[in-house]
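Structure, as structure tokens:
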Amino acid sequence: MNLRELQYLVALAEHRNFRRAAEACLVSQPTLSTQIRKLEEELGVDLFERLPKAVMLTAAGQDAAARARRILSEVAAMREQAKRLSQPEAGAVHLGVFPTIGPYLLPHVIPQLRARFPLLDLFLTEEKSDQLLERLREGRLDAAILALPVHDAQLHAELLFEEPFLLAVPRQHALARRSSLRMEELSEYELLLLDDGHCLRDHALEVCRLSGSRETTEFRATSLETLRQMIMAGIGVTLLPALAVQGMGGASEHIHLLTFEDARPSRSIALVWRRSSALLPLLLQIAEVCRAISPSLLDTRETAPA
């Protein structure tokens, strides 16, 4: 068994097709097929179920592919660490970010990271939180910007900042004459929320629980931009995170924002990485850059009109 065979195994597990896996590995299909069969013979089990136009992982194949990913990740980390010993703050970092913060945070953070680490190759991935966590555990990401909590003893979460929520209502709404409201007043309204799978939905549901509010059952948005468009169209009210509010542009003419008087609902944003990561010193510096984001971006007093 060698690393190349493990690479073939992981590629076939991801593509579920010999031709596409061979193309991804830059080898011929017969070469990849032969090496996979050799690996199965060495292990004494079938790793894949061959179908006419695709392959499926067996139970043994799923376990082997997961182990192979971890091994390849450790080897990559070993090489990366050796490179960093000779070139600190150089190399590649694969960073994940979830959709309801990425478009609003990254334009401010990436220029600062490039200025701070000019030799660093930064590769970005935007996915929902559960997918980012999976990639992080498998070693396909070095770190991810996530909303807490993250329940995994193998991962370390470095808090970056608290991002407040504001209530967004249409300009013609009765609340548009006010600049703030109490949490308990939310109990009079139903909120438009994102669909399942978005961590922002979980945080908004917690605000609903604390305030006595409810989710509207008529509609669930697939993106934060869809939520904003619904509010602009005069349909319902919702919670928006502070960074997303900063990126509204022309939408501010149609949306009125309110802060909360007696509570400050928010979500905790953190940089998360594996505790075993060899990139610890660099990741701490990246967290420092993210944490130093301009306070005005998170200041809801400047966002919600008086």
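Read-outs throughout are calculated quantities, based only on the coordinates presented, and are distinct from any laboratory measurement. None of these values were measured; they are calculated from a predicted model.
General remarks:
- Translational diffusion coefficient (Stokes-Einstein; Kirkwood radius from C-alpha pairs) of the range 163-266 at 10 °C, 1.306 mPa s, in µm²/s: 118
- Stretch gain in nm, segment residue 233-residue 182, where the contour uses 0.36 nm per residue and the Cα spacing is subtracted: 15.9 nm
- For residue 128, the aspartates and glutamates whose Cα falls under 13 Å of its own Cα, not counting residues fewer than eight places away in the same chain, are 195, 196, 202.
- Building the convex hull from the alpha-carbon atoms of the range 3-80 and averaging its projection over directions returns 4.9 nm².
- Amide H within-cut-off set for residue 215, under 5 Å, with H built and near neighbours excluded: 191
- Estimated 222 nm signal from helices in the chain, with DSSP H stretches of n ≥ 4 weighted -39500 (n - 2.57), rounded to 500: -13000 deg cm²/dmol
- Sequence-distant lysines (8 or more away, or on other chains) whose Cα lies within less than 30 Å of residue 38: 53
- Stokes-Einstein translational diffusion, the chain - Kirkwood Rh over all Cα pairs, 0.692 mPa s, 37 °C, in µm²/s: 150
- 3J(HN,Hα) from dihedral phi, the range 236-241, Karplus parametrisation 6.51/-1.76/1.60, rounded to Hz, x for glycine, proline: x, 10, 7, 9, 10, x
- Nonlocal amide H pairs with residue 92, under 5 Å, H built at 1.01 Å: 121
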